[in-house]
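Chemist: Following this message is one structure expressed as structure tokens.
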Amino acid sequence: MPAGLRLTFDLDRLSGNWQRLVEMCPDAECAAVVKANAYGVGIEKAIPALANAGCKTFFVALPEEGVKVRNAASDVDVYILNGFFADCTDVYRQHRLMPVLGNPGEIRRWLAWRSDDNAALHIDTGMNRLGLSMEDARRMGDVDLRAVGIHLLMSHLACADMPRHVLNAAQLERFRSIAALYDGIPASLANSAGIHLGQHYHFGLVRPGIALYGGASHPDAKSDAVVTAEARILQIRKAEMGETVGYGATAILGRESRIAVLAAGYADGYLRAAGSGHPADGARISIAGHDAPIIGRVSMDLIAADVTDIPEQVLEQAEWAELFGETIDINETANVAGTIAYEFLTGLSGRAERIYVGGGFSS
Ligand SMILES: *Cc1c(COP(=O)(O)O)cnc(C)c1O
């Protein structure tokens, strides 16, 4: 069924973004983080595209996501970042999913259960989210981790997107001291932004997520837009100076205007916070290469844009408006909404039409 919002996913750009990261990390393996349905792109399509490009290691948050990765690629390593869920142990074994273990109780449960299954060990170096404390990690220093199936040592950076933050160097130092205890076990610290902090952050394996999907992880980072979101144009209407647009009458027109009404809204995952009460403070959209600001609030199923400055012939021909993608940077739209591209991508709803191009797929 045709929808109001159309999402086009370019799988060649996805694998191109991965390849670019591979080149940035000559001494490390480049994995792919594909949690939350590959950041909204779709696990079933993203995994074959990345595996064909050469990616051999995937990270997801949940066992259920791991099963989807396994179904899409039989011979890759799949890690479950949220660890070992004791109430679905069969799923780990049946689908060869490797938990990322992060606390003593979980490690004990896993050791009691495993026969020859493998896992990773997460050390907390300053984020206080998941992972063994530094004390517990040091205490485990005498254990032969390889013998108990631990094949990867990892930690996660809290502030990698702020290159000058003091916590980066502190976490690096702590992780180095732990990695030295477990010589010979591959180590992993960097997410997308961590890759840009420099080669000493790369260790044996890097774990990019957002940079694969077009999210900005660093001022110098180049990542091509993978997702283009377009809304159907339902109407172009004229309105007089002094009239208002949308709920709450927050936007008051300062001139005679043309308003494009678009068939997408917050029910599609286009955040209401990207709207405006004033023409200048909403996100931009683009019609055939001409950009225009959102005017008034974003509704559940509709968005209005002030297209007064777009030539009339352009508007007559146009059927779709780009919300973000090739022309409008998703990072900018997210920023206007007071959030990050991660939230925009993972929040896109099931109501949209989804089209895949590249990667050997044509629909
Ligand atoms: C999500 C996640 C990543 C990927 O982070 P990006 O910022 O998207 O590159 C890497 N490691 C861990 C532990 C994560 O939770």
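Chemist: Kindly indicate whether ALA193 is outside any loop (DSSP other than H, G, I, E, B), within 13 Å of the ligand (Cβ to nearest atom), crowded, with 19+ Cβ neighbours inside 10 Å and at pLDDT 95 or above.
Modeler: The answer is yes for ALA193.
Chemist: Still on this model: Quick check on region 196-233: of everything there that is among the hydrophobic types (A, V, I, L, M, F, W, C) and modelled with pLDDT under 95, which residue is most open to solvent (accessible area, probe 1.4 Å)? Reasoning before the result, please.
Modeler: Going residue by residue through region 196-233, those that are among the hydrophobic types (A, V, I, L, M, F, W, C) are 197, 203, 205-206, 210-212, 216, 221, 225-227, 229, 231, 233.
With modelled with pLDDT under 95 added as a condition, the list becomes 216, 221.
Values: ALA216: 62, ALA221: 28 Å².
Top of the filtered list is ALA216.
Chemist: Taking the options GLY338, GLY359, GLY289, name whichever one is touching a Pro at 6+ places or on another chain (Cβ under 8 Å) and open to solvent by 20 Å² or more (accessible area, probe 1.4 Å).
Modeler: Of GLY338, GLY359, GLY289, the one residue that is touching a Pro at 6+ places or on another chain (Cβ under 8 Å) and open to solvent by 20 Å² or more (accessible area, probe 1.4 Å) is GLY359.
Chemist: Examine region 260-272 for a residue that is assigned to a strand (DSSP E or B) and open to solvent by 20 Å² or more (accessible area, probe 1.4 Å), and state whether such a residue exists.
Modeler: yes
Chemist: Can you report the number of residues in region 90-121 which are farther than 21 Å from LEU132 by Cβ and in contact with a helix residue (DSSP H, G or I) (Cβ under 7 Å, 6 or more places away or on another chain)?
Modeler: 3
Chemist: Could I ask something else about it? In region 24-39, what count of residues is obtained for those that are open to solvent by less than 40 Å² (accessible area, probe 1.4 Å), more than 10 Å from the ligand (Cβ to nearest atom) and either in a loop (DSSP other than H, G, I, E, B) or in contact with a Gly (Cβ under 6 Å, 6 or more places away or on another chain) (or both)?
Modeler: The number of residues fulfilling the criteria is 2.
Chemist: Condition first: of a type outside the set (Phe, Trp, Tyr) and within 16 Å of the ligand (Cβ to nearest atom). Now tell me which residues in region 65-98 satisfy that.
Modeler: GLU65, GLY66, VAL69, ASP77, VAL78, ILE80, LEU81, ASN82, GLY83, LEU97, MET98
Chemist: Here's a check for you: in region 74-132, which residue that is of a type in the set (Asp, Glu) and over 26 Å from the mean Cα position of the chain (by Cα) is modelled with the lowest pLDDT?
Modeler: Applying the filter and picking the extreme gives ASP116.
The values are calculated or read from the model by the stated rules, or taken from the named source; none is laboratory data. Note that this is a predicted model, so its numbers are computed, not measured. Quick reminder, even Gly has a Cβ in these numbers, built from the backbone with ideal geometry, and neighbours come from all protein chains shown. When the accessible area is computed, the model is the full protein with side chains, heavy atoms only, and any ligands, DNA or RNA have been set aside. Shrake-Rupley method; radii C 1.70, N 1.55, O 1.52, S 1.80 Å.
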